[in-house]
Amino acid sequence: LPVLAIVGRPNVGKSTLVNRVLGRREAVVQDVPGVTRDRVRYRAEWGGRPFVVVDTGGWEYDAKGINARVAEQAEIAIELADAVLFVVDATVGATDADERIVTLLRRSGKPVLLVANKVDSPRDEADAATLWSLGLGEPYPVSALHGRGTGDMLDAATSLLPEVTAVGGPMPVGGPHRVAIVGRPNVGKSSLLNAVTGTQRVVVDDFEGTTRDPVDELVELGGEPWVLVDTAGIRRRVHQTQGADFYASLRTQAAIEKAEVAVVVIDASSPITEQDIRVIQQAIDAGRALVVAYNKWDLLDEERRFYLEREIERELVQITWAPRVNFSARTRWHVDRLARQLDAAIAGWTTRIPTGRLNSFLGELAAAHPHPVRGGKQPRILFGTQVDTSPPRFVLFSTGFLEAGYRRFIERRLREEFGFVGSPIEISVRVRE
Ligand code: GDP
C-alpha cells in the first residue's frame with residue numbers, strides 16, 4: 001500500500017492529526033490481528049483509497065538535542081514514504097526546525113502537503129497564510145483537534161499517493177522474483193547477503209521486465225535470478241539510539257512491501273525474541289510469502305538445538321506452514337538450500353485452486369465437520385471461491401457468521417489439501433440470507 005508519512009517538529013499535533021485521520025467515520029481503520037501490534041503504522045482508507053499512515057510522533061522526546069534528532073528521524077520517514085504530510089503549528093509560525101525539515105523535503109523530491117495545524121476557527125486562518133513563506137505551496141489549514149478542514153486536506157493528500165490496484169501493495173510483474181532479507185539486528189542479514197552475493201555469480205541485470213532500484217541487487221540462486229530488495233538498507237549500518245527500533249521496523253516494512261517473499265533471518269544460537277516474531281508478523285500482515293532462516297547453526301550444540309525446537313513449537317506454531325532453512329552464513333553451510341525454499345514459498349503463494357475443486361472440498365469438509373450450532377442456528381457454507389493469489393484469498397458465502405475457530409479450521413484443512421506452503425492465506429466470509 002502507498003505510505004503517507006506525517007512529519008513535523010514536536011508538539012505541532014502530529015499524533016492528534018493521525019487520530020483524526022483514523023478516527024473519522026469515513027476513514028476505515030483495519031485492526032490487523034496479530035501476535036504483536038505495530039503502533040506506528042496504521043491502515044487507513046479515504047475516498048475508497050487504502051493507504052498506510054506512518055506516525056512519527058511519540059518518538060521525538062529526547063532529553064538532549066531534540067532538534068537535531070527531529071531532522072534525522074524525519075529524513076528516514078520521508079525516505080520511506082510515497083507522500084508526506086508536513087505539519088506546522090500555525091499559531092507559532094515557521095521555526096528554524098521547520099525550515100530544516102523543508103530542506104529535507106525538497107531534497108527528497110517526494111510530494112508534500114503542507115498542513116497548517118491548530119487553525120481552530122476562521123480567524124486563525126491568517127496565521128496559516130503566513131506559511132506560504134516555507135515555499136511548499138498552499139498551506140492546508142486544519143484543526144486536528146476539532147476536525148476542521150481535515151476532509152479537504154485528506155482529499156489533497158490522497159491525490160498525492162500513487163494508485164494501487166491489488167491489496168498488499170504495488171507488485172512489479174514479470175522478471176525475477178523479489179526477495180527481502182529481514183530480521184532484527186545482528187542475526188546475520190548482511191553475512192547472509194555476503195554469502196549469497198559472494199559465492200554466486202552476479203548475473204547481468206538486463207533481464208526483461210526487471211525494474212529495480214539502485215538499492216536492489218540481482219543474484220543467482222539455485223540457477224535462477226532473484227532480486228534482493230533494499231540491500232543498501234542491510235549494508236548501511238544505521239547508527240541511531242533514539243527510535244532505532246522504530247526506524248528499523250519501518251525499513252523492514254519497506255523492504256517487505258517491495259518483495260514477493262520475505263526471508264526472516266533468526267539467530268538460532270540465542271533465544272527467539274519478540275522482535276523476531278514481530279518481523280515475521282510484518283511479512284504476514286503484508287501478505288508476502290515467508291521463509292524462516294535459522295542462522296549461526298555452527299554455534300549450536302545439542303542442548304541449544306533441543307531448546308530451539310521447543311521455542312519454535314511454543315512461539316511459532318502459527319507459522320508451521322513456512323519453509324525453514326537451517327544454515328550458517330559464516331561457514332556457508334546450507335546457504336545453497338535457500339533457493340529451494342524460496343521456490344517453494346513462491347509456488348504456494350501463487351497457487352490458484354479451481355472453483356470446482358474448491359467447492360467439492362468445502363462440501364465434503366462441511367458435511368464431515370459442520371459448523372457448531374449457535375443460538376439455535378447453524379451457519380452453512382453455500383459456496384467458496386478463490387478471488388486472488390499472491391497471497392491466496394478466499395471468499396466463502398455462508399448462511400451465517402462463521403466463528404474464528406471454524407475459519408481457522410477451514411484454513412488448516414485448506415493447507416492440508418492444497419499446500420500453500422510459505423504463504424499466508426486470507427479467508428473472508430459473506431453472509432447470504
Ligand atoms: P545483521 O545485523 O543481521 O546484518 O547481522 P551481521 O551479518 O552483521 O552479523 C552479526 C554478527 O553475527 C557478526 O558478528 C557476524 O560475524 C555474526 N554471524 C553472522 N552469521 C554467523 C554465523 O553463521 N555463525 C556465526 N558464528 N556468526 C555469525
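For the residues 360, 428, 390, 423, the requirement of being surrounded by fewer than 12 Cβ atoms within 10 Å (Cβ to Cβ) and either under 30 Å from residue 180 (Cβ atoms) or of a type in the set (A, V, I, L, M, F, W, C) (or both) singles out 428. Please verify whether residue 413 is under 30 Å from residue 256 (Cα atoms) and surrounded by 15 or more Cβ atoms within 10 Å (Cβ to Cβ), treating the condition exactly as stated. Considered against the rule, which asks whether it is under 30 Å from residue 256 (Cα atoms) and surrounded by 15 or more Cβ atoms within 10 Å (Cβ to Cβ), residue 413 comes out as yes. Of all residues in segment 292-306, those that are closer than 24 Å to residue 262 by Cα have Cβ atoms under 8 Å from Cβ atoms of residues that are within 7 Å of the ligand (Cβ to nearest atom) and charged (D, E, K, R), 6 or more apart or on another chain, in 296/330; 298/330.
All of 305, 340, 357 fail the test of being in a helix (DSSP H, G or I), away from the ligand (no atom under 16 Å from the Cβ) and under 30 Å from residue 270 (Cα atoms), apart from 340. Being in contact with a Lys or Arg (Cβ under 7 Å, 6 or more places away or on another chain), crowded, with 16+ Cβ neighbours inside 10 Å and in contact (Cβ under 8 Å) with a residue 40 or more places away in the chain is a property that holds for residue 365. Residues that are hydrophobic (A, V, I, L, M, F, W, C) and touching a His at 6+ places or on another chain (Cβ under 7 Å) do not occur anywhere in segment 265-280. Residues of segment 233-254 that are at pLDDT below 75, within 20 Å of residue 194 (Cα to Cα) and β-branched (Val, Ile, Thr): 238 alone. Here segment 173-189 is the region considered, the condition is being surrounded by 15 or more Cβ atoms within 10 Å (Cβ to Cβ) and modelled with pLDDT under 90, and the residue that is farthest from the ligand (Cβ to nearest atom) is 175. Go through segment 308-331 residue by residue and tally those that are crowded, with 17+ Cβ neighbours inside 10 Å and in a loop (DSSP other than H, G, I, E, B). Count: 7. Here residue 347 fulfils each of the conditions (1) crowded, with 17+ Cβ neighbours inside 10 Å; (2) touching a residue at least 60 places away in the same chain (Cβ under 8 Å) apart from (1).
Of the numbered criteria (1) away from the ligand (no atom under 13 Å from the Cβ); (2) among the polar types (S, T, N, Q); (3) assigned to a loop (DSSP other than H, G, I, E, B), the one residue 269 fails is (1). Evaluation of residue 275 against the conditions (1) in contact with a Leu (Cβ under 7 Å, 6 or more places away or on another chain); (2) within 16 Å of the ligand (Cβ to nearest atom) shows that the sole unmet condition is (1).
The values are calculated or read from the model by the stated rules, or taken from the named source; none is laboratory data. The shown structure was predicted, so the numbers you read here are calculated from the model rather than taken from an experiment. Cβ coordinates were reconstructed from backbone atoms using ideal geometry, including for glycine residues, and neighbour counts include every protein chain displayed.
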